[in-house]
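Nothing in this text is a laboratory measurement; each read-out follows from the coordinates by a stated rule. None of these values were measured; they are calculated from a predicted model. So basically every Cβ, Gly included, is an ideal-geometry build from the backbone, and we count neighbours across all protein chains shown.
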Amino acid sequence: MYPYEAMFLVDPVKHGEDAAATEKVVSALLEKHGAKVTRFEKWDDRKLAYDIKGHKRGIYLLALFEMPGANLASLRGDCELNETILRQLILRLDTDIPTYLEQCAKYQEKTREELESRRAARREDEEQGEEGIEDFASVQE
Amino acid sequence: MREKREKREKRDKKKFKRFQARTCRFERMGVELIDWKDVATLQRLCTGQSMVLARKRSGTSALFQRKVKEAIKRARFMALIPYEGS
């Protein structure tokens with residue numbers, strides 16, 4: 001059993017407006033291959049950065065699970081055959097799932113802090129910059 | 001006179017600040033990984049044409065630049081960020 005992180009890009013129109021049915025396709029697939037799912041998230045229907053198989057929009061499903069390594073190839077194969085799944089990315093994690101989630105949460109928090117501090121610094125710089133120009137003019141005199 | 005000198009010193013200090021050696025933002029944050037699902041951060045590590053920012057420009061350390069590269073490639077594959085163009 002290894003920890004995996006997988007993201008599936010699902011066709012939003014295949015099951016009409018029924019989002020639960022689309023989710024079920026993926027969760028059934030994972031179950032079939034003996035995956036022990038610890039987290040299953042559905043992201044909002046969003047615009048793709050580029051067209052995939054003629055689709056401009058897609059639903060992202062993120063799953064964190066444990067699965068025997070031997071089943072990986074068959075899971076990938078089944079995803080390829082499935083018409084609802086447009087694209088999938090299955091990654092083996094270096095750490096166990098709780099540690100990974102912790103690290104991700106930490107990353108989110110730290111990047112947000114960094115962004116805020118950068119914004120504050122820039123604002124300060126701008127305010128000071130204006131003063132600086134005035135200073136420069138007075139020194140020139 | 002003294003006032004002028006103080007002003008000049010203040011200005012030079014500000015000038016110098018611009019050329020201060022930068023440290024890697026991720027090392028400063030103390031994170032272990034680059035989350036490839038965090039689109040907003042990855043986009044700030046790309047140019048307007050979605051090319052990966054050079055280390056020289058972003059100030060990222062070698063270790064984290066490799067992680068950044070991996071994260072951007074994963075996000076591109078899942079169509080979270082574009083391969084080219086904006």
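Observations on the model:
- For chain B, the Cα gyration tensor yields ellipsoid semi-axes of 37, 15, 10 Å (square root of five times each eigenvalue, largest first, whole Å).
- Taken along its principal axes, the alpha carbon cloud of chain A reaches lengths of 80, 36, 23 Å, longest axis first.
- Just checking the listed ones, A:60, A:100, A:50: in the Gaussian network model of chain A with Cα springs under 10 Å, the one fluctuating most is A:50.
- For region A:2-109, trypsin sites (Lys or Arg not before Pro) meeting the loop criterion (DSSP other than H, G, I, E, B) and having at most 14 other Cβ atoms within 10 Å: A:53.
- Phi-based couplings in Hz for region B:48-65 (Karplus 6.51, -1.76, 1.60; Gly and Pro marked x): x, 8, 6, 8, 5, 5, 5, 4, 4, 8, 8, x, 6, 6, 4, 4, 7, 4
- Of the chymotrypsin sites (Phe, Trp or Tyr not before Pro) in region B:52-86, the ones in a loop by DSSP (not H, G, I, E or B) with at most 15 other beta carbons within 10 Å are B:83.
- Helical contribution to [θ] at 222 nm, DSSP H n ≥ 4, -39,500 (n - 2.57), averaged over chain B, rounded to 500: -15500 deg cm²/dmol
- Between residue A:120 and residue B:13, the C-beta separation translates, for a Förster distance of 25 Å, into a calculated FRET efficiency of about 0.85.
- Residues whose amide H falls under 5 Å from that of residue B:46, counting only those 5 or more places apart or on a different chain, are B:53, with hydrogens built in the peptide plane.
- Each stretch of four or more DSSP H residues adds -39500 (n - 2.57); spread over every residue of chain A, this sum gives -17000 deg cm²/dmol at 222 nm.
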